[in-house]
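The structure appears below as structure tokens.
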Amino acid sequence: MSIRVAAVADIHLSEAQRGTYRERLDGIEERADVLLVGGDLTRHGTLGEGKIVADEFRGLPVPVVFVLGNHDYHSDVEQEIMAVLREAGCVVLDDSAETLLDGRLGIAGGKGFGGGFAGKSASEFGEPETKAFVRHTREIAERWRTALKSLDTEYKVVLSHYSPVKETLAGEPPEIYPFLGSYLLAEAVDAEGADLIVHGHAHHGTEKGMTPGGIRVRNVALPVLQRAYATYCLDAEEC
Amino acid sequence: MDTPHYVAARVQQAIAEDGRTNELGIRVDVRGDHLFLRGQVAGEDQVHLLTDVAREAAPGLTVHNEVTCVEVREPGEEEHL
Ligand SMILES: [Fe+2]
Ligand SMILES: [Fe+2]
């Protein structure tokens, strides 16, 4: 049986949007079985903004899965933001996995990080600051492998903020690609297998891409989609 | 007067780091006494804050704010994978 996945990222809510976002999600239960939100939920990453996000997504008729983005880390209260989202009944992935829809759909992922793409990426070499930057991505990719391995579901989807491939960055200046994603994320998912990878972060990027292993990648940043959310139907035969 | 190149970089940095804006994707160009802002943001209030931050970071330049709000349409058709 097919599953319809709705996805959006980079909603960047703040005080000005309080009470106004929810209407964009009206009727989502007729279009999708689950909603994935790929980070940059807030503008400044304050707890106040986190609470606005929680209120806008609370009690939706379909399960909601979040990861945070770099903006949500800006005020050093990312754990508190995750807690208020969970209190609102939503799932928050932090390099972890969750099984939904009676065990049929597995979602793995987290924020992800940068470093660049194969052949043009940073290495764990030189100054401690450079090593720490690259190591952060490497460790995330490792945890994603573990998370994906733990899933035994009909479909597997990966939710990230940073991009695993450069195809979905087309439109961004190539100079900043290393800050937009890392091939290590794609490599991890290609090794474990998944049906779809959803990410955001690249506001000027392109919706559609693919990993070297052939897994579909979708950049669902709101400025890219210019619609409330995208809907992807897994198992086309039945949709 | 500062080199336009560095003025633009300073304004872009200010827009990214100032707590009122924290916008990373705004393009800044300086031509003579004129400073141009381009890009998209999530909310109308954010557009005006960009002008404030740019003016403070580059006093003396005329700021032309061409930033628009992201338009959000209905969800539309689903894609079959
Ligand atoms: Fe964003
Ligand atoms: Fe981001």
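Summary of computed values
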{"read-out": "For B:65-78, mean number of other protein chain Cβ atoms within 10 Å", "value": "5"}
{"read-out": "Relative contact order, percent, segment B:4-69 [alpha-carbon distance under 8 Å, six or more residues apart]", "value": "34 percent"}
{"read-out": "For chain B, calculated [θ]222 nm from helices alone, where every DSSP H run of n ≥ 4 adds -39500 (n - 2.57)", "value": "-11000 deg cm²/dmol"}
{"read-out": "Estimated vicinal HN-Hα couplings, Hz - segment B:27-39 in sequence order (Karplus 6.51, -1.76, 1.60; Gly, Pro = x)", "value": "8, 10, 10, 10, 10, x, 8, 10, 10, 10, 10, 9, x"}
{"read-out": "Percent carbon-and-sulfur accessible area, segment A:46-130, ignoring ligands, DNA and RNA, probe 1.4 Å", "value": "51 percent"}
{"read-out": "Cα pair distances in segment A:48-193, grouped into 10 Å bins until the bin that holds the longest one, percent each", "value": "11, 36, 35, 16, 2, 0"}
{"read-out": "Amide H within-cut-off set for B:VAL63, under 5 Å, with H built and near neighbours excluded", "value": "B:LEU35"}
{"read-out": "For chain A, calculated [θ]222 nm from helices alone, where every DSSP H run of n ≥ 4 adds -39500 (n - 2.57)", "value": "-7500 deg cm²/dmol"}
{"read-out": "Contact surface B-A: accessible area buried, both sides summed, square angstrom, 1.4 angstrom probe", "value": "2300 Å²"}
{"read-out": "Calculated diffusion of chain B, Stokes-Einstein form, Kirkwood radius summed over Cα pairs, 4 °C and 1.567 mPa s, µm²/s", "value": "96 µm²/s"}
{"read-out": "Convex hull volume of segment A:10-95 per residue (C-alpha atoms, cubic angstrom)", "value": "79 Å³"}
{"read-out": "Around B:VAL72: net Lys/Arg minus Asp/Glu count, Cβ-Cβ under 9 Å", "value": "+1"}
{"read-out": "Drop in accessible area of at least 10 Å² in the complex versus isolated chain, residues of segment A:214-231, 1.4 Å probe", "value": "A:ARG216, A:ARG218, A:LEU222, A:PRO223, A:GLN226, A:ARG227, A:ALA228, A:TYR229, A:THR231"}
{"read-out": "For A:GLY39, residues with placed amide H under 5 Å, excluding near neighbours", "value": "A:ASP10, A:VAL67"}
{"read-out": "Inter-probe distance in nm under a simple model that places probes 7 Å from Cα toward Cβ, at A:SER150 and A:ARG22", "value": "3.2 nm"}
{"read-out": "Paired Rg and Dmax values of segment A:132-224, which use every Cα atom, in angstrom", "value": "12.6, 39"}
{"read-out": "Space enclosed by the convex hull of the alpha-carbon atoms of the protein assembly as shown, per residue, Å³", "value": "131 Å³"}
{"read-out": "Positions from segment A:9-30 whose accessible area shrinks by 20 Å² or more when the full protein complex is built, not the chain alone, probe 1.4 Å", "value": "A:ALA16, A:GLN17, A:ARG24"}
{"read-out": "Segment B:55-74 and segment A:167-201: distance between their alpha carbon centers, rounded to Å", "value": "29 Å"}
{"read-out": "Per residue, in Å², the accessible surface of the protein assembly as shown once ligands and nucleic acids are set aside, probe 1.4 Å", "value": "44 Å²"}
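The values are calculated or read from the model by the stated rules, or taken from the named source; none is laboratory data. What you see is a predicted model; the values in this text were computed from it and never measured. So basically every Cβ, Gly included, is an ideal-geometry build from the backbone, and we count neighbours across all protein chains shown. Only protein heavy atoms, including side chains, enter the accessible area calculation; ligands, DNA and RNA are left aside. Shrake-Rupley method; radii C 1.70, N 1.55, O 1.52, S 1.80 Å.
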